[in-house]
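Below is one structure, written out as structure tokens; comments come after it.
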Amino acid sequence: MTDHWTEGDVLTNGIRMHYYRTGGDKPPLVLAHGFSDNGLCWSPVARVLQADYDVIMIDARNHGKSEAPATAGGSRAQGDDLAGLIRALKLEEPAVMGHSMGGGATLQACANHPGLIRRAILEDSGPTEPRPEMMTPEMRRRNTGWAEELKSKTREEIIAIGRRQSPNWPEDEMGPWADSKMQLNLAAAQQIGGSPEPWREVFARVTCPMLILRSDNNLGSSVTPELAAEAERLFKLVRAVYIPGAGHNIRRENRPAFLAAVQAFLAEG
């Protein structure tokens, strides 16, 4: 690890969770990654945000250096993991940002632990409708089989695959992305999934300002304009921002616009 960041572990929700921290006497900002990534996949963003924030990048359960428990770990459990880490580190009303799976954890932490989080950002996560047909064990294995295949590759081979699959990603994304795939516990593939609650019921319990970042559905973004608009209409604390030219990995595909939206929202309070 570079950048003179620190790393450590906390016990939260019955598991050991690993984290990385930029440090400094600054407002805390916790970053929660998506499925198959790890905390250091936020490194390019953290290098920008660390000028104004003490950035804490977590490894979710079954990812990175965190524990791989035998029990199931969907978004509600991961939200409790996240809340426990905030309390264990004695972070005072941090801002939290989550991508995809990490966005689900962020949403659950906000909804189920009111008053703990000051502001929240969801990167292509939040108001999405469930697809039960995609959650069967067979479909999960099929949809995450690529992760198992990557486990047999070298770091250099994984980076080469990443460059072919995502040629528009900045080069500084590739190393952390490859490292995360080598660390991934494949049990995580059987534990991913959204909240069993309808998203509207979860959002109704959120008591802090929340920003939803969405992009182009034809490029892979999962939050539709219609559902983003509905979330804004139903919940006064929710705001949605469209960032063009990206798919599911918004920050990796349009980093300047992503950072501009994030910094503006965080600067509000």
inquiry  = Against the definition (farther than 30 Å from Glu171 by Cβ, surrounded by fewer than 24 Cβ atoms within 10 Å (Cβ to Cβ) and at pLDDT 95 or above), how does Ala72 come out, yes or no?
reply    = no
note = Scanning the stretch 152-175 residue by residue, those of a type outside the set (A, V, I, L, M) and part of a helix (DSSP H, G or I) turn out to be Arg155, Glu156, Glu157, Gly162, Arg163, Arg164, Gln165, Glu171, Asp172, Glu173, Gly175
inquiry  = Here is a list: Ala46, Ala83, Ala77. Which entry is of a type in the set (Gly, Ala, Ser), assigned to a helix (DSSP H, G or I), closer than 21 Å to Glu268 by Cα and touching a residue at least 12 places away in the same chain (Cβ under 8 Å)?
reply    = Ala46
request  = Output yes when any residue across the stretch 1-14 is crowded, with 16+ Cβ neighbours inside 10 Å, at pLDDT 95 or above and within 22 Å of Ala178 (Cβ to Cβ), and no when none is.
outcome  = yes
request  = Looking only at the stretch 20-29, count how many residues are closer than 11 Å to Leu91 by Cβ and not in a loop (DSSP other than H, G, I, E, B).
outcome  = 3
Output for the stretch 120-141, where each listed residue is at pLDDT 95 or above and either in contact with a Phe, Trp or Tyr (Cβ under 7 Å, 6 or more places away or on another chain) or among the hydroxyl-bearing types (Ser, Thr, Tyr) (or both) = Ile121, Ser125, Gly126, Pro127
Flag if Ala51 is crowded, with 23+ Cβ neighbours inside 10 Å and small (Gly, Ala, Ser) = no
query = Right, Ala204: aliphatic (A, V, I, L, M) and either without any contact (Cβ under 8 Å) to a residue 24 or more places away in the chain or more than 20 Å from Ala120 (Cα to Cα) (or both) or not?
reply = no
query = Do we find that Pro44 is of a type outside the set (D, E, K, R), touching a helix residue (DSSP H, G or I) at 6+ places or on another chain (Cβ under 7 Å) and farther than 27 Å from Pro130 by Cβ in this structure?
reply = yes
query = Does Ala178 count as under 20 Å from the mean Cα position of the chain (by Cα), modelled with pLDDT of 95 or more, in a helix (DSSP H, G or I) and under 25 Å from Val45 (Cβ atoms)?
reply = yes
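The values are calculated or read from the model by the stated rules, or taken from the named source; none is laboratory data. Just so it is clear, the model here is predicted, and its values are computed rather than measured. Virtual Cβ from ideal backbone geometry, glycine too; neighbours counted across all protein chains shown.
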